[in-house]
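A.B. asks: A single structure is presented below for examination.
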Amino acid sequence: MTRSVLALKGFAQRWVVFVGLILVWEVAARLGESVFFPPPSEIGATAVGLWFSGPANQLFLSDTVLGDIVPSVVRMLSAWLIAGVIGVSLGLVLGRSRTAMDYVGPLFSFARAIPSPALVPVFLALFSIGTPMQMATIIFGVVWPVLLNAVDGAQAVDKTKVETAKSFRIPYWQWMGMVVLPSAGPKIFAGLRVALSLSLVLMVISELVGAINGIGYQLIAAQRLFRFDETWAWIVLLGVLGYVFNTVLLAVERRVLGWQQAQGAGTSLARTGG
C-alpha cells in the first residue's frame, strides 16, 4: 500500500465520526425544524455571508473579520505569548531553587485557585475597558499551567546532567539555557497546550464585558438578537480556531523536541540490543 493511500486512510479514520455527526445533525435539524438548532448547511451559509462577503481588495474578507476576528486572535495570541514567557522563565528559575518554591508555593496555590473571570472587575478598575483589561484577564488565567509545568520540568532534570554541569563549572545562565530548558521542554509544551485552550475560553469571556468588538462580543450580540444561525457560526469558528492553533503548536513541538524523541528511540534500541 502506497504512502499516499495510507495517509488518506488515516485522514478518513480521524474524521469519519465527525462527518457522521454532522450528517446526523443535518437530518435531525431538518426533521425537527427547531429555530434553536439550525442545520449545519444553514450555519455554513451564514458563516460564508458573515465573513467572506467583502470586496476583492480585502481578499473577500468582510469588515467583521477585520474588525472582530483579527483583533480577538491578536489579543489572545499576544496574551498567551506573554504568559508563556513569564511562566517559562519564572518556572525554570523557581524549579532549580531549593527554597524558593517553599516561600512562593502557598501564594501560587492561592492565586491559581481564583478564577480569572472573577478578577474582571479588578482589571477593569486597573486598566479600564479595552484591550489591556482583556489581555490581563487572559494572562492571569493561563500563566499557571505554564509556570507549574516549567517548575516540574526543571525539578526533574536528570542527576547525571546536574553533576556533569557542576564538574565542568558551567555558568548559571548557560546551564539554564543549554541543560535545564531542553530537559524541561516536554513539560513546558504540555503546559503551553493547556494554556492555549484556556486562552481561547478566556478571550471570549473577557469580550463579554464592556467590549466594543471581538468574537465574544459578536457571539453575545447574536444571542441577544435571537440570531441563532449566527450564534452557531461563531461557536463553530471557536472550534475551528482551537483546532488550528493546537495543530500548529503540536507541529512546532514535534520539530523542537524531535531530537529528544530520536534520542529516546536510540536509547531504547541500545537497551534492547537492536
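The values are calculated or read from the model by the stated rules, or taken from the named source; none is laboratory data. Keep in mind that what you see is a predicted model, and the values were worked out from it rather than measured. Virtual Cβ from ideal backbone geometry, glycine too; neighbours counted across all protein chains shown. These accessible areas exclude ligands, DNA and RNA; they are computed on the full protein's heavy atoms, side chains included. Shrake-Rupley method; radii C 1.70, N 1.55, O 1.52, S 1.80 Å.
A.B. asks: Quick one: which residue in V120, V146, V151, V157 is buried (at least 18 other Cβ atoms within 10 Å of the Cβ), on the phi < 0 side of the Ramachandran plot and in a loop (DSSP other than H, G, I, E, B)? Walk me through how you get there before you give the answer.
C.D. replies: Values: V120 fails: in a loop (DSSP other than H, G, I, E, B); V146 fails: in a loop (DSSP other than H, G, I, E, B); V151 fails: in a loop (DSSP other than H, G, I, E, B).
Checking each option against the conditions leaves just V157.
A.B. asks: So, one more: Check G141, G177 and return the single one that is touching a Pro at 6+ places or on another chain (Cβ under 8 Å), part of a helix (DSSP H, G or I) and open to solvent by less than 40 Å² (accessible area, probe 1.4 Å). Explain how you work it out, then say what you get.
C.D. replies: Details: G177 fails: touching a Pro at 6+ places or on another chain (Cβ under 8 Å).
G141 is the lone residue from the list that is touching a Pro at 6+ places or on another chain (Cβ under 8 Å), part of a helix (DSSP H, G or I) and open to solvent by less than 40 Å² (accessible area, probe 1.4 Å).
A.B. asks: Just the residues that are open to solvent by less than 40 Å² (accessible area, probe 1.4 Å) and within 14 Å of the chain's Cα centre (by Cα), please, taken from the stretch 65-77.
C.D. replies: Listed by number, the residues that qualify are S72, V73, R75, M76.
A.B. asks: Hey, I212 hits all of (1) at pLDDT below 90; (2) under 24 Å from the mean Cα position of the chain (by Cα); (3) in a helix (DSSP H, G or I) but one; which does it fall short on?
C.D. replies: (3)
A.B. asks: Would you call S62 among the small types (G, A, S), more than 23 Å from T137 (Cα to Cα), free of Cβ contacts under 8 Å to residues at least 24 places away in the same chain and surrounded by fewer than 18 Cβ atoms within 10 Å (Cβ to Cβ)?
C.D. replies: It is false that S62 is among the small types (G, A, S), more than 23 Å from T137 (Cα to Cα), free of Cβ contacts under 8 Å to residues at least 24 places away in the same chain and surrounded by fewer than 18 Cβ atoms within 10 Å (Cβ to Cβ).
A.B. asks: Can you spot a residue in the stretch 121-132 that is touching a Leu at 6+ places or on another chain (Cβ under 9 Å) and free of Cβ contacts under 8 Å to residues at least 12 places away in the same chain? Quick ask: steps written out before the conclusion?
C.D. replies: Of all residues in the stretch 121-132, those touching a Leu at 6+ places or on another chain (Cβ under 9 Å) come to 132.
The next check asks that each one be free of Cβ contacts under 8 Å to residues at least 12 places away in the same chain; those that pass are 132.
There is at least one residue in the stretch 121-132 that is touching a Leu at 6+ places or on another chain (Cβ under 9 Å) and free of Cβ contacts under 8 Å to residues at least 12 places away in the same chain.
A.B. asks: Next up: Among the residues that make up the stretch 124-138, is at least one of them crowded, with 16+ Cβ neighbours inside 10 Å and under 20 Å from V93 (Cβ atoms)?
C.D. replies: The first filter runs over the stretch 124-138 and keeps only residues crowded, with 16+ Cβ neighbours inside 10 Å, leaving 124, 131, 133-138.
Then keep just the ones that are under 20 Å from V93 (Cβ atoms); that gives none.
No; the residues of the stretch 124-138 include none that is crowded, with 16+ Cβ neighbours inside 10 Å and under 20 Å from V93 (Cβ atoms).
A.B. asks: Among the residues that make up the stretch 199-221, is at least one of them within 23 Å of V151 (Cα to Cα) and open to solvent by less than 70 Å² (accessible area, probe 1.4 Å)?
C.D. replies: yes
A.B. asks: Would the stretch 241-258 turn up any residue that is assigned to a loop (DSSP other than H, G, I, E, B), assigned by the TED database to the domain that holds G91, open to solvent by 20 Å² or more (accessible area, probe 1.4 Å) and modelled with pLDDT under 95? Don't jump to the end; show me each part of the working.
C.D. replies: Here is the first cut: in the stretch 241-258, the residues assigned to a loop (DSSP other than H, G, I, E, B) are 257.
Then drop every residue that is not assigned by the TED database to the domain that holds G91, which leaves 257.
So of that shortlist, the ones also open to solvent by 20 Å² or more (accessible area, probe 1.4 Å) come out as none.
No, there is no match, as no residue in the stretch 241-258 is assigned to a loop (DSSP other than H, G, I, E, B), assigned by the TED database to the domain that holds G91, open to solvent by 20 Å² or more (accessible area, probe 1.4 Å) and modelled with pLDDT under 95.
A.B. asks: Then there's this: Which pairs do you get when a residue that is farther than 21 Å from P39 by Cα, found in the stretch 203-228, comes within reach of a residue that is open to solvent by 80 Å² or more (accessible area, probe 1.4 Å), reach meaning Cβ atoms under 7 angstrom, with the pair 6+ apart or on two chains?
C.D. replies: Listed by first residue and then by second, the contacts come to E207/Y217; G210/I129; A211/Y217.
A.B. asks: Just need a number here: residues in the stretch 79-116 that are assigned to a helix (DSSP H, G or I) and either open to solvent by less than 50 Å² (accessible area, probe 1.4 Å) or among the polar types (S, T, N, Q) (or both). Break it down into steps so the answer makes sense when it comes.
C.D. replies: Filtering the stretch 79-116 for residues assigned to a helix (DSSP H, G or I) gives 79-95, 100-112, 116.
After this cut, where a residue has to be either open to solvent by less than 50 Å² (accessible area, probe 1.4 Å) or among the polar types (S, T, N, Q) (or both) as well, the list is 79-80, 83-84, 87-89, 91-92, 94-95, 100-101, 104-105, 108-109, 111, 116.
Total meeting the criteria: 19.
A.B. asks: Which is outside any helix (DSSP H, G or I) and either modelled with pLDDT of 95 or more or more than 22 Å from L238 (Cα to Cα) (or both), of S34, S53? Break it down into steps so the answer makes sense when it comes.
C.D. replies: On the way: S53 fails: either modelled with pLDDT of 95 or more or more than 22 Å from L238 (Cα to Cα) (or both).
The match here is S34.
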